[in-house]
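The values are calculated or read from the model by the stated rules, or taken from the named source; none is laboratory data. Keep in mind that this is a model prediction, so the values were computed, not measured. Note that we place each Cβ from the backbone using ideal geometry, even for glycine, and neighbour counts take in every protein chain shown. With ligands, DNA and RNA removed, areas are computed over all heavy atoms of the protein, side chains included. Shrake-Rupley method; radii C 1.70, N 1.55, O 1.52, S 1.80 Å.
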Amino acid sequence: MTLLQAIIIAIIQGATEQFPISSLGHAAIVPAMLHWPLDLHGEMFLPLLVMLHLGTCAALLVFFWRDWVALFTGAAGRHGETCQMDSIRILALLCVATVPAVLIGGLFEHAIRNLFGTARYAAVFLTLNGVILLAVDRMRATLRHHNDRPLASLGFGEALVIGLFQCLAFFPGLSRSGACIVGGLLRGLSHENSARFSFLMAQPVILAATVLEALKLRHAPPQPEQMHMAIIAAIVAGVVALVCTGILMRYFRDHEDWALRPFGWYCMGAGVVAFLYLSF
């Protein structure tokens with residue numbers, strides 16, 4: 001892998017991890033369409049994968065640090081009893097929502113990615129991702145009477161459902177953030193609150209996945225040049241992720257009525273084009 005290839009993959013990771021268009025799907029499709037001889041599951045790619053996840057996780061922590069501070073100080077009773085109860089409830093909801101990813105991911109993630117990890121499968125699932133985004137944006141019109149629910153109003157069963165939606169991202173081409181946002185919208189949250197819950201939930205999940213991948217490096221220590229390239233890519237991915245998170249949150253705040261449609265049409269178009277290109 002060249003430094004330019006690593007930077008391009010970092011840019012793709014930083015943008016697609018935040019936008020509901022599947023980072024894993026793009027990571028499979030783009031190198032295949034560019035005819036890059038890269039094994040994204042090989043030992044040579046592992047240091048880059050670890051650092052890319054670390055970069056995007058750091059970006060989310062930087063962007064949402066005020067939310068975490070507010071939640072933990074609120075839970076400690078610094079802002080009154082009502083805020084304390086809401087903060088404790090939101091933290092508990094986040095814990096419940098991460099359980100499916102931990103259990104299902106631990107049992108089935110590698111089997112799913114080995115079975116459906118090719119670029120053509122990713123293109124099919126990317127198209128399906130677009131269909132889901134467009135369908136839910138239409139369906140939520142029936143939920144309009146309560147689409148501004150606060151996060152603390154979610155039930156634990158509803159948080160578990162959103163967590164189950166997150167597990168769709170084990171299929172390359174289905175977006176983790178998109179699936180979580182869809183789950184939130186179907187429970188009556190706004191686009192902004194759905195995205196906020198999705199990104200808060202993502203941070204412990206991405207961090208845990210990064211630690212698990214990093215442990216594998218004990219058996220295949222990276223070369224210095226690999227780590228230098230991975231560090232540069234992590235910085236690029238983190239900066240891109242930070243910018244894209246800000247853009248997305250502002251976009252959701254200002255386009256409540258049709259926010260998922262551009263992403264849905266993009267995924268459908270990109271998925272169909274990629275599938276046809278890779279098939280012929």
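Annotations
- Principal axes of the stretch 144-260: Cα extent on each, largest first, Å: 56, 29, 25
- Qualifying trypsin sites (Lys or Arg not before Pro) for the stretch 135-221 [loop in DSSP, other Cβ within 10 Å: at most 13]: Arg218
- Between helix 65-75 and the chain there is an angle of about 40 degrees, using the helix long axis and the longest principal axis of the Cα atoms.
- For the stretch 1-104, Kirkwood radius (reciprocal of mean inverse C-alpha pair distance, Å): 16.4 Å
- Per-residue [θ]222 nm for the chain (sum of -39500 (n - 2.57) over DSSP H runs n ≥ 4, rounded to 500): -25500 deg cm²/dmol
- Across the stretch 185-195, coupling constants 3J(HN,Hα) worked out from phi with the 6.51/-1.76/1.60 Karplus curve, θ = phi - 60°, read 4, 6, 9, x, 7, 6, 4, 5, 5, 4, 5 Hz, and Gly and Pro carry x.
- 4 °C / 1.567 mPa s Stokes-Einstein diffusion coefficient of the chain, Kirkwood radius on C-alpha pairs, µm²/s: 68 µm²/s
- Helix axis angle, 81-116 relative to the chain longest principal axis, alpha carbon, degrees: 30 degrees
- The stretch 193-280 - Rg over Rh from alpha carbon coordinates, Kirkwood radius: 1.08
- Between 0 and 90°, nearest 10: helix 224-254 axis offset from the chain longest Cα axis: 40 degrees
- Measuring nothing but protein heavy atoms, the accessible surface of the chain at 1.4 Å probe radius is 71 percent carbon and sulfur.
- Compactness relative to 2.2 N^0.38 Å, alpha carbon Rg of the stretch 92-190: 1.14
- The magnitude of the dipole of the stretch 32-128, with charges of +1 and -1 set on the Cβ of Lys/Arg and Asp/Glu and taken from the Cα centre, is near 120 debye.
- With the whole protein complex present, Cys167 retains an accessible surface near 10 Å², based on a 1.4 Å probe.
- Residue-by-residue Karplus 3J(HN,Hα) for the stretch 264-277, coefficients 6.51, -1.76, 1.60, Hz, glycine and proline x: x, 5, 4, 4, 4, x, 5, x, 5, 4, 5, 5, 5, 5
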